[in-house]
Structure formats: structure tokens, C-alpha cells
1. Mind listing just one residue for me: the one in the range 53-66 that is in a loop (DSSP other than H, G, I, E, B) and either surrounded by 10 or more Cβ atoms within 10 Å (Cβ to Cβ) or not hydroxyl-bearing (Ser, Thr, Tyr) (or both) and, of those, modelled with the highest pLDDT?
2. If you go through the range 32-39 one residue at a time, do you hit one that is without any contact (Cβ under 8 Å) to a residue 40 or more places away in the chain, part of a helix (DSSP H, G or I), more than 20 Å from His10 (Cβ to Cβ) and open to solvent by 60 Å² or more (accessible area, probe 1.4 Å)?
3. Which members of the range 1-31 meet the condition of being part of a loop (DSSP other than H, G, I, E, B), among the hydrophobic types (A, V, I, L, M, F, W, C) and open to solvent by 90 Å² or more (accessible area, probe 1.4 Å)?
4. Kindly list the number of the only condition in (1) open to solvent by less than 70 Å² (accessible area, probe 1.4 Å); (2) of a type outside the set (Phe, Trp, Tyr); (3) not in a loop (DSSP other than H, G, I, E, B) that fails for Val50.
Amino acid sequence: MPMPSKGKRHSVTARLPIAEAEKLEAIVKATNDTRGDYIVRLVIAHLATVDLEAVEAKQEALPMAS
């Protein structure tokens with residue numbers, strides 16, 4: 001059965017160390033969740049804690065090449 005649309009999405013790929021990938025697989029198997037949905041929730045929760053203005057303010061301009 002097709003899954004309902006979750007709206008527009010952007011694909012992101014990451015390579016996990018083997019031990020963490022195995023733990024992730026165990027978690028999604030135990031929770032009957034999908035790997036993608038689990039990771040999306042984690043990233044969204046983390047991004048909600050980030051003060052983007054503070055991060056951008058810490059960016060230093062790169063020196064211009066002559």
C-alpha cells in the first residue's frame with residue numbers, strides 16, 4: 001500500500017561508522033519505524049535547538065585573494 005505524501009523533501013546521505021549503523025538498525029527494527037523517519041526526527045529535534053543567527057554571526061569572512 002502506498003505511503004501518504006509527507007510533502008516536499010530534500011535527500012541527505014550520511015555514512016555512519018559500523019557500530020552506530022548496527023545500533024540504528026536494531027532501534028528501527030525494535031520500534032517498527034523506518035530508518036529515514038527515525039533520522040528525520042533526530043535531525044529536526046537537533047535543528048530546533050540551534051540558534052542559526054549565532055552560528056552565522058560566528059562565520060568569519062575569508063580573506064580576498066589579490
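The values are calculated or read from the model by the stated rules, or taken from the named source; none is laboratory data. As the structure is a computational prediction, the values presented were derived from the model and not from experiment. Please note: Cβ atoms are built from the backbone with ideal geometry, for glycine as well, and neighbour counts cover all protein chains shown. For accessibility, only protein heavy atoms count, side chains too; no ligands or nucleic acids. Shrake-Rupley method; radii C 1.70, N 1.55, O 1.52, S 1.80 Å.
1. Checking each candidate, the answer is Lys58.
2. For the range 32-39, residues without any contact (Cβ under 8 Å) to a residue 40 or more places away in the chain, part of a helix (DSSP H, G or I), more than 20 Å from His10 (Cβ to Cβ) and open to solvent by 60 Å² or more (accessible area, probe 1.4 Å): absent.
3. Met1, Met3, Val12, listed by residue number.
4. Looking at each condition in turn, Val50 falls short on (3).
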